[in-house]
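The values are calculated or read from the model by the stated rules, or taken from the named source; none is laboratory data. Just so it is clear, the model here is predicted, and its values are computed rather than measured. Ideal geometry is used to build each Cβ from the backbone, glycine not excepted, and the neighbour counts take in all protein chains shown. Side chains are part of the model used for accessible areas, which takes the heavy atoms of the whole protein and leaves out ligands, DNA and RNA. Shrake-Rupley method; radii C 1.70, N 1.55, O 1.52, S 1.80 Å.
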Amino acid sequence: MVVLAAAAVVVAVVGDALPTRREAQGRAVPPADVRAATLPSTTTATSVAPSPVPPTPPTTVGGDIQVLGEQVTRTPDTAPPPTAPAPVPASPSPPPPSDPPPCTSRGGADFVDALVNDHRSIRCEQGLGDVALDATMSEHAQYHAERLMQAGACASLFHSGELPQWYSTTYWGENAACVAWSRGCWSDAEYIMNGWMNSDEHRPNILDPRFRRIGVGVACDGSHTYVVVQFQS
């Protein structure tokens, strides 16, 4: 069973056979070893100090990925009144732009590294700014991943209640996922990313141009793997 959640995602996978990457990407009907889970839909709010958003009733979506997500933003600071621009002297035409650097390759040395690189690669392919892994944010994401594991919440993921306090002065989001697999801990980052990108609740967080930093947390009890990715401007 694969369960995905987004506070900006949750994925659950059950079965004895690990689906191949090709099967995970191209299969229209979920395999017999994947049980669909249900997760609340994404909510969006604007607040100076947003309050925690309680989970909403589950909503089933098609395919083998179910999602839960939210994204909360603060009210932008009041901008000063505009001033008349100073005259700009004429300048010679700039040289033609150089080719942009190649996008980061997907995958990585380990599960977390692959999740980070997959986020960076997808954003680059869409012409969006890069994101960097933030150590403090990863501590927060790890804390919540372990909390989900201790609660046994693979089929009923919930978001971090501390998000408004942790990131009170920025735009933020959160995606969460859980994979239940009888053979052990899940380690296919691309399978989870495909589920999130096919979700209207999770994709907006991955592709939000305001986000510049992410934190990643992973916890596994031997048969359930919980993944939490937090985003911040």
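I'd like to check something: does region 187-208 contain any residue that is hydrophobic (A, V, I, L, M, F, W, C) and farther than 16 Å from Val228 by Cα? Before you say what the answer is, go through the steps one by one.
Keep residues of region 187-208 that are hydrophobic (A, V, I, L, M, F, W, C), which gives 189, 192-193, 196-197, 206-207.
Now restrict to residues that are farther than 16 Å from Val228 by Cα: 207.
Within region 187-208, one or more residues are hydrophobic (A, V, I, L, M, F, W, C) and farther than 16 Å from Val228 by Cα.
Among the residues making up region 210-232, a single one is under 18 Å from Glu162 (Cβ atoms) and charged (D, E, K, R): Arg213.
In this structure, is Val216 surrounded by 21 or more Cβ atoms within 10 Å (Cβ to Cβ), over 23 Å from Thr136 (Cα atoms) and among the β-branched types (Val, Ile, Thr)? Steps first, answer last, please.
Details: surrounded by 21 or more Cβ atoms within 10 Å (Cβ to Cβ): yes; over 23 Å from Thr136 (Cα atoms): no; among the β-branched types (Val, Ile, Thr): yes.
Judged against the criteria, Val216 is not a match.
On inspection, Trp172 passes the criterion of being surrounded by 24 or more Cβ atoms within 10 Å (Cβ to Cβ) and either of a type in the set (Ser, Thr, Tyr) or closer than 30 Å to Pro101 by Cα (or both).
In this structure, does Trp166 turn out to be of a type in the set (A, V, I, L, M, F, W, C) and open to solvent by 10 Å² or more (accessible area, probe 1.4 Å)? For Trp166, the condition - of a type in the set (A, V, I, L, M, F, W, C) and open to solvent by 10 Å² or more (accessible area, probe 1.4 Å) - is met.
For region 114-137, how many residues are in contact with a strand residue (DSSP E or B) (Cβ under 9 Å, 6 or more places away or on another chain) and open to solvent by 20 Å² or more (accessible area, probe 1.4 Å)? Spell out the reasoning first.
Residues of region 114-137 that are in contact with a strand residue (DSSP E or B) (Cβ under 9 Å, 6 or more places away or on another chain), as a first pass: 115-116, 119-120, 131-137.
Keeping just the survivors that are open to solvent by 20 Å² or more (accessible area, probe 1.4 Å) gives 120, 132-136.
Number of matching residues: 6.
More than 17 Å from Gly222 (Cα to Cα), touching a Cys at 6+ places or on another chain (Cβ under 7 Å), open to solvent by 10 Å² or more (accessible area, probe 1.4 Å) and not aliphatic (A, V, I, L, M): is that true of Cys185 in this structure? So that I can check it myself, show each step before the final result.
Working: more than 17 Å from Gly222 (Cα to Cα): no; touching a Cys at 6+ places or on another chain (Cβ under 7 Å): yes; open to solvent by 10 Å² or more (accessible area, probe 1.4 Å): yes; not aliphatic (A, V, I, L, M): yes.
No.
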